[in-house]
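Nothing in this text is a laboratory measurement; each read-out follows from the coordinates by a stated rule. Because the structure is a prediction, the values reported are computed rather than measured. Backbone-built Cβ (ideal geometry, glycine too); neighbour counts: all protein chains shown.
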Amino acid sequence: MKRTLVKHALASTAAQDSILIEGWVRTRRDSKNFSFLEVNDGSSLASVQVIADAGIPGYEDISRMSTGASVAVCGRLVESPGKQKWEIQATSLKLVGTSPESYPLQKKGHSPEFLRTIAHLRPRTNLFGAVFRTRSRIAAAVHQFFTERDFFWVHTPIITASDCEGAGEMFHVTTLDPLADNKSYDRDFFGKAASLTVSGQLEGETFACALSNIYTFGPTFRAENSNTSRHAAEFWMIEPEMAFCDIYGDMEIAEAFIKHIANTMLADESGDFDFFCKFVDKGLRARLEEVSSKPFVRCSYTEAIDIMLASGEKFDYPPVWGMDLQTEHERFLTERHFKSPVIVYNYPREIKPFYMRLNEDEKTVTAMDVLVPGIGEIIGGSQREERLDVLEGNIARLGMDAEAYYWYNDLRRYGTVPHAGFGVGFERLIMFVTGVQNIRDVLPYPRTPRNCEF
Ligand code: 4AD
Ligand code: MG
């Protein structure tokens, strides 16, 4: 007999004489002549209630069908007098795998901190099941957004020899033993220094300057030693890049993208979104509705500093022109001042990477960050420097290895075009649509400083 996922069983439009479901026991209650089992197979938040009368085949194992055990249930799908529309009247049971008392998810209500220590089992909880189903759906919505707009997905390399952001936060890739003497790149696998990518942007740009509109979507790695709730050493990034596009076109696509993701979540009927609104963040629905309906404010960096200086607000880091914005500044702007998503643009040149386009004032570059309530920076992007002489000047000024970037400069040498793009932190996006506060709880296996378990 063919298996039916619990989700489909519960969405049935009619009673069924014969159905097979397979899953894990959440709870069991025994009466004298029958037992109730709540069975969940992860296909949705909902578990199905199973009524098993004493004496049906397999009932002899009922006492071992404890929380966490895996079972197969054959039976009739019948109308339920309880909360759910349907329940299963079992005709036979099968114990597939037992789950002794050491099973750590016996009781509900474990803290996220404890659940992180059992990351291999936490997808079986309501919260983490909902988070990881949502992660999958939002990934599909990302591909949908770009595919509908004629963007091609480019698989940029994970191992790279160039530092995109220039912040020196790269993990080295080597086959040499770090404890051995006589190490030299000559003897290393690639014969040169190699790292895990911090961004696929530079390689992505080369494809945009051929296919016009592209995006990357894959893992990126940063060895920044910041133990915050928004930073991970391994995270996923989405990086669209558009040829013949300036910073204003860049902002439009970024805004449409965030609205598409908010709308996707608002349209979710699986039960997961309702769960987040009820149990994770009571303000979530209103926030996503606001993001979906309000135009994003555009505000230059210089204006943003002036607004904060005039606000009389006490910041841990008092705003000064020239500094990078801190999370407290970003959240002040989006949550308290504008009460809306904000795109801050034209940042001081000194705090931004080499590839951003220099403005006419020669003090600022065409950087733009999208800030959203509850998160702060969710997107960072820019129009790229398309003028070969200016770009070469930046590479020299910053003391970068000019030879390593010959291929990047070639884009400016042969048929250069104005182009722009941005990077979205995929985990920040998931935090934004679920209300989950810690990045460690939206990554299947979070990697952070001094933590690489599993
Ligand atoms: O602002 P970032 O550093 O921009 C870039 O990497 C550009 N190359 C993007 C581009 O123009 N193509 O990073 C982009 C986004 C941030 O806005 C943030 O959402 C996320 O990536 N991000 C992180 N997410 C989790 N953990 C970290 N350590 C992150 N660092 C950046
Ligand atoms: Mg940034």
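Tabulated values for the structure
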| quantity | calculated |
| --- | --- |
| Positive dipole terminus of segment 291-437, leading residue within TYR301, VAL390, LEU411 (C-beta point charges) | TYR301 |
| Likely footprinting exposure, PHE296, PHE221, PHE189, fewest C-beta neighbours within 10 Å first | PHE189, PHE221, PHE296 |
| Net length gained if the chain between ALA54 and LYS282 were fully extended (0.36 nm per residue, minus Cα distance) | 77.8 nm |
| Amide H contacts under 5 Å for GLU234, placed H, 5+ residues apart | ARG222, ARG447 |
| GluC sites (Glu not before Pro) within segment 347-454: DSSP coil, no more than 12 neighbouring Cβ in 10 Å | GLU360, GLU362, GLU453 |
| Label-to-label distance, nm, for residues given as GLU350 and PHE190 (7 Å Cα→Cβ offset) | 3.2 nm |
| Neighbour cut-off at most 16 other Cβ (10 Å), DSSP loop, trypsin sites (Lys or Arg not before Pro), segment 120-225 | ARG149, LYS183, LYS192 |
| Of LYS259/LYS352; LYS2/LYS278; LYS314/LYS363; LYS2/LYS85; LYS83/LYS278, those spanning more than 24 Å from alpha-carbon to alpha-carbon | LYS259/LYS352; LYS2/LYS278; LYS314/LYS363 |
| Where labels lie 7 Å past Cα in the beta-carbon direction, separation of SER270 and PHE36 in nm | 2.7 nm |
| Inter-part distance where segment 201-259 and segment 424-450 are each reduced to a Cα centre, Å | 17 Å |
| Those GluC sites (Glu not before Pro) in segment 249-302 that DSSP places in a loop and that have at most 11 other beta carbons within 10 Å | GLU269 |
| Aspartates and glutamates whose Cα lies under 20 Å from that of LYS108, excluding same-chain neighbours fewer than 8 positions away | ASP30, GLU38, ASP41, ASP272, ASP274, ASP281, ASP441 |
| Segment 433-447 - phi-based ³J(HN,Hα) in whole Hz, Karplus 6.51/-1.76/1.60, Gly and Pro as x | 8, 10, x, 5, 8, 10, 4, 5, 9, 10, 9, x, 9, x, 10 |
| Rounded, prolate or oblate (a/c below 1.5 giving rounded, otherwise prolate when a/b exceeds b/c) for the chain by Cα gyration tensor | prolate |
| Inter-site label distance for SER102 and HIS172 at 7 Å from Cα along Cβ, in nm | 4.0 nm |
| FRET efficiency, 1/(1 + (r/R0)^6) with R0 22 Å, evaluated for GLU252 and THR302 via beta carbons | 0.50 |
| Whether segment 199-330 is rounded, prolate or oblate, judged on the alpha carbon gyration tensor where a/c under 1.5 counts as rounded | rounded |
